[in-house]
Structure formats: C-alpha cells, structure tokens
Amino acid sequence: MNGLILLGASGSIGRQTLDVAARAGLRVDAFSVHTNLDAMEEAARRFSPRAVCVTDPDRYAEAKIRLSDTETKLYAGREGLAAMIAASPADTVLNALVGEAGLYPTVWALENKKRLALANKESLVCAGDYVMALAKRQGVSVLPVDSEHCAIHQCLRAGRAEEVKELILTASGGPFFGYDKEALKRVTKSDALRHPTWNMGQKITVDSATMMNKGFELIEAAHLFSLDIRKISVLVHRESVVHSLVRFCDNTVLAQMGVPDMRACIAYALFYPHRPEAFVAPLDLAGVGTLSFARIDSEAFPLPALAVEAFEKGGVMPAVLNAANEEAVAAFLAGKLSFWEISDIISHFVHTYTTVCEATPENVSAASAEVRQAMAARFGK
Ligand code: NDP
Ligand code: MG
C-alpha cells in the first residue's frame, strides 16, 4: 500500500483507522471530515497530511484559520473532496463516511483507480451493481471493512467461487434481542443507542437496533461476493465472536472468529493480501465459554426481509429503502418518531414507490431526493 486517503476521519471507523495508521506507520496522505474541526485539527497535527477536505463548506473559513501555520492544503465541499481524491498520489481510499453521502466519493475513488477499503456500506446498498462494475472496469479491488464481510472474504480464501453454497452473516441482535412487537413500541432513544457489543456512530447503532443494518449487509454481501441474495442468511449470535461463516458444497462450514474490534477489519482491508501483525487482543475462547446462535424473529424485526424485497425489486428501490431509513432514523433521533414507526415508514416507501430505473448515482440522488422531500413535508427539516 502506498499512502492512504481517509474519508470520514472524525467518525468511529475514521478514528480507529487513524489508530491503525499510527501504529503501522502508514502515510495518511489526505483525509476528510464534515463538521468536526477539533478532530480535523488534531489529526492534521498528528499526521501532517498533504491535504485535508472539510466537506461542510460552512466550516471552511474556520478550518483555514486552524491550519494556517501548517503546510497542509485545504479543500472544501463535495467538489473539494473530488478534487482532493484526484490530486492525491496515494493508491488506497478508505471510505468511512456515513450514509448515501458516501456514494459519490466511492465512485470518485474508483474513477481515479484507487484501491477501495469500504466501510460505507450504503454505497453498495444504493448502487452496488454500478460500483462493482466500475471497480471491475478500472481494475481495482473493493475490500470490505464491515466485520461480517471481512470475515466472509477471509473464509472464501479456502475454496473456489463455484464451491460456495451459502453465506451466513452473524448479527449481535442489538439491544432489543428477544423483544416482541409490544415491547419494541415502548423503547426509547437512549435504549436504542446502547449497543451490547460494538461502539459505533449513532446512525449505524440505530440501524443495528432495528436490524436494518443486517438488511443492508445482505445487499452488501450479494454485491461484494456476486451471490444470489437468497443464498445469504442471518444468524443472531450474541457474543459477537464469530463474525460470519461460509458453507461450501460439501456442507463444510468455515467461520472467522476474533474479538469484536473493528481495527482488525480495517487492518485486514488495508494490508490485504498480507496479514499484518495484530492490532487487537487475542481471542480467549475459554473465557467466552459458550457460543450461541438463533434465528431472527422476523415479526419483531421485519427490516432484513424488507431489504431483500427491495433488492429483488431492483433499480433504485434499495436506494429508496436507504433514504427512507436515513430520514426515519434522523427523525427518531430528533424525537419526532417512535422506534417502532421507523420500520413502518420505510416499508411505506418500499411499497408505494413506483419508478424503478437503473441505479446510477444520478438516479439514486433523484430517487432519494424524492423520499427526503416527502419526509421533510411530514416531519419538517
Ligand atoms: P460516524 O457517524 O461515527 O462517522 C461518520 C463520518 O462521516 C464522520 O467523519 C462525519 O464527519 C462524516 N460525515 C457525516 N455526514 C457527512 C456528509 N454529509 N458528507 C461527508 N461526510 C459526512 O459513522 P461510523 O464511523 O460509525 O460509520 C461509518 C460507515 O461505516 C457507515 O457506513 C457504517 O455503516 C459503516 N460501519 C461502521 C462500523 C462501526 O463500527 N462504526 C462497523 C461497520 C460498518 P463529522 O463527524 O466531521 O461531521
Ligand atoms: Mg457489520
């Protein structure tokens, strides 16, 4: 690997990537933040990057002052992000942006023939066919950072593509595992933000509580590994030790295990095909004692099945699913919507949206803008 461009350096994955970079002595050539200038300044002083982009243009003036005594070139806005990626000599982009905002940056990374370490699963949810075809045309790889897909990527090294029968994604089950519909109607925002095993950004934490995250991961896996989505299943695994599994044609099942620490997945993606020295603690299986597996209660958690439905409808429907989810989660975090209503709203859009055109980035933006407008009319900005 020859230098890193880190998109979303101020987020949960972004900060853990900086930790890996510092410990491995990787050169961070450029990075972006959106609004968090404290994180931006701290990382700029620690890594002395060639360039930084602040994607919220309203923060540019203050960012300029903060970096005035450094050599770092400052870019602003989405155009600035595109320009920063194009100008960087680094060969690898790690996209740790959250939401559909990560789609165009994924496209820019691939257009500039950068190897892509992808945490931003929404890029694949919204436009997976487009993104994977672009990567193929450009001759660059897309390496998953998401722990389940990182696990599957590792298990797949043990066999040939035609020998794979099933991918099994594990799910922690989130804070509400075992709750029924009635119990879910009473949960609060702080309950939803209390994830049992992973410490993540707010949006993915809510997505884990609703299990929309697992729905997104089913779509992500279908694109990354070119497999029929019906051959990808989910098992709830509370211990978050088995990160996912692959079943081969002889019914042998391989699992990848480790402590739940995203730095292992970040390092795997950055150093692939080499295995770096450990960035995480060893797994103490005797200390864990028991590993449990259960099926999802799809009545209480209908969103993974809805994601499969949206994926099978095709075109921009998964982008509609994603935009409805982003807006519903934002409304929930703003106290405008109850937890249970999140899935009702998303389901409404997936069942009423009719134009299903090809999921190019332009069509994705147009479809999601429609959803966002409808949500703004209902809940205000
Ligand atoms: P965070 O919310 O912690 O961080 C998001 C990052 O994106 C921040 O740097 C933020 O900048 C930036 N950002 C937010 N909005 C915009 C925007 N409109 N334009 C440009 N940049 C923006 O998220 P996570 O790190 O938790 O998640 C990042 C991605 O990784 C998501 O797709 C998530 O699903 C995926 N993922 C995360 C895991 C985790 O453990 N956290 C595990 C597996 C996948 P700022 O803060 O400066 O405003
Ligand atoms: Mg995951």
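For a quick check, take a GNM of the chain with Cα springs below 10 Å and name the residue from Val288, Val28, Val93 with the largest mean-square fluctuation.
Result: Val288 has the largest fluctuation of those listed.
Using only the Cα atoms of segment 44-148, what semi-axes does the equivalent ellipsoid have when each is the square root of 5 times a gyration tensor eigenvalue? Give whole Å, largest first.
Semi-axes from the Cα gyration tensor: 26, 14, 12 Å.
So with the 1.4 Å probe, I'd like the accessible area per residue for segment 185-261, rounded to whole Å². Show your work: numbers first, answer last.
Numbers: 3150 Å² over 77 residues.
Dividing the accessible area of segment 185-261 by its residue count gives 41 Å².
What's the center-to-center distance, using Cα atoms, between segment 109-126 and segment 283-322 in Å?
About 22 Å separates the Cα centre of segment 109-126 from the one of segment 283-322.
Could you work out [θ]222 nm for the chain from helices alone, using -39500 (n - 2.57) per DSSP H run of at least four and dividing by all its residues? Round to the nearest 500 deg cm²/dmol.
Result for the chain: -14500 deg cm²/dmol, rounded to the nearest 500.
Would you mind calculating the relative contact order of the chain from Cα pairs under 8 angstrom and at least 6 residues apart, reporting the percent as a whole number?
Worked out over the chain, it gives 15 percent.
Go through segment 281-297 residue by residue and turn each phi into a ³J(HN,Hα) via Karplus (6.51, -1.76, 1.60, θ = phi - 60°); whole Hz please, and just put x for glycine and proline.
Result, rounded to whole Hz: 6, x, 7, 9, 5, 5, x, 5, x, 10, 10, 10, 9, 8, 7, 6, 7.
Students often check this: by mean Cβ neighbours within 10 Å, which of 124-131, 317-324 ranks highest, and how do the rest follow?
Working: 124-131: 25.2, 317-324: 27.5.
Most protected by this proxy first, the peptides run 317-324, 124-131.
Calculate one ³J(HN,Hα) per residue across segment 248-263 by plugging θ = phi - 60° into the Karplus curve 6.51 cos²θ - 1.76 cosθ + 1.60, and present them in order as whole Hz with x for glycine and proline.
Computed from phi, the couplings for segment 248-263 are 9, 4, 8, 6, 5, 10, 9, 10, 10, 10, x, 5, x, 8, 5, 5 Hz.
Find the cysteines in the chain that fail to meet the 4.7 Å Cβ criterion with every other cysteine, and list them.
That list is Cys53, Cys126, Cys155, Cys249, Cys357.
If you count only protein heavy atoms with a 1.4 Å probe, what accessible area per residue comes out for segment 276-381, rounded to a whole Å²?
The answer is 49 Å² per residue.
Taking the chain as a Gaussian network, Cα atoms linked when under 10 Å apart, which of Asp191, Asp29, Asp146 shows the biggest mean-square fluctuation?
Asp191
Tell me the relative contact order for segment 18-171 as a rounded percent, counting alpha carbon contacts under 8 Å between residues six or more apart. Walk me through the numbers before you get to the answer.
Working: 201 pairs, mean separation 22.0, N = 154.
In percent, rounded to a whole number, it is 14.
State in Å² the accessible area per residue of segment 28-118; use a 1.4 Å probe, count heavy atoms of protein chains only, and round to the nearest integer.
Details: 3770 Å² over 91 residues.
Dividing the accessible area of segment 28-118 by its residue count gives 41 Å².
For segment 41-123, what is the relative contact order in percent, using Cα pairs closer than 8 Å and at least 6 residues apart in sequence?
25
Can you check how the C-alpha radius of gyration of the chain compares to 2.2 N^0.38 Å, as a plain ratio?
This ratio for the chain stands at 0.96.
Check cross-link reach from Lys113 to the lysines: straight Cα distance under 17 Å, and skip same-chain residues fewer than eight apart.
Excluding near neighbours in sequence, the set is Lys136.
Could you order the peptides 115-121, 356-362 from most to least packed, using the average number of other C-beta atoms within 10 Å per residue?
115-121, 356-362
Under a cut-off of 14 Å between alpha-carbon atoms, report the aspartates and glutamates in cross-link reach of Lys114, not counting same-chain residues fewer than 8 places apart.
Asp29, Asp91
For Tyr75, list long-range residues whose amide hydrogen, built 1.01 Å from N in the peptide plane, is under 5 Å from its own amide hydrogen.
Residues meeting the criterion, in which the H sits 1.01 Å from N, are Val52, Cys53, Val54.
Once you've got the GNM for the chain with C-alpha springs shorter than 10 Å, pick whichever of Ser338, Ser292, Ser190 has the biggest mean-square fluctuation.
Judging by the Gaussian network model, the answer is Ser190.
Exactly which GluC sites (Glu not before Pro) in segment 47-115 are in a DSSP loop and have at most 13 other Cβ atoms within 10 Å?
Values: sites: Glu62, Glu71, Glu79, Glu100, Glu111; in loops: Glu71.
Within segment 47-115, the qualifying GluC sites (Glu not before Pro) (loop, at most 13 other Cβ atoms within 10 Å) are Glu71.
Quick one: which residues, 5+ away or cross-chain, put their amide H under 5 Å from the amide H of Arg238? H built at 1.01 Å from N.
Amide H to amide H, under 5 Å and 5 or more residues apart or across chains, Arg238 pairs with Ser292.
May I ask you to list the trypsin sites (Lys or Arg not before Pro) in segment 252-331 that are in a DSSP loop and have at most 12 other Cβ atoms within 10 Å of their Cβ?
Arg295
Run the numbers for Gln138 and Thr352: contour at 0.36 nm per residue of separation, minus the present Cα-Cα distance, in nm.
73.4 nm
Compare Phe301, Phe293, Phe47 by solvent-accessible area with a 1.4 Å probe and give them largest first, with all protein chains kept in place. Write out the running numbers ahead of the final one.
Working: Phe301 10, Phe293 95, Phe47 35 Å².
These residues rank, largest area first, as Phe293, Phe47, Phe301.
Carbon and sulfur atoms: what percent of the 1.4 Å accessible area of the chain do they account for?
Answer for the chain: carbon and sulfur cover 50 percent of the accessible area.
What pairs in Lys121/Lys214; Lys203/Lys336; Lys121/Lys336 have C-alpha atoms more than 21 Å from each other?
As for pairs spanning more than 21 Å Cα to Cα, those are Lys121/Lys336.
The values are calculated or read from the model by the stated rules, or taken from the named source; none is laboratory data. Worth saying up front: this structure is predicted, and the values here are computed from it rather than measured. No Cβ is skipped: glycine too gets one built from the backbone with ideal geometry, and neighbour counts run over all protein chains shown. In case anyone asks, the SASA skips ligands and DNA or RNA and just uses the protein heavy atoms, side chains included. Shrake-Rupley method; radii C 1.70, N 1.55, O 1.52, S 1.80 Å.
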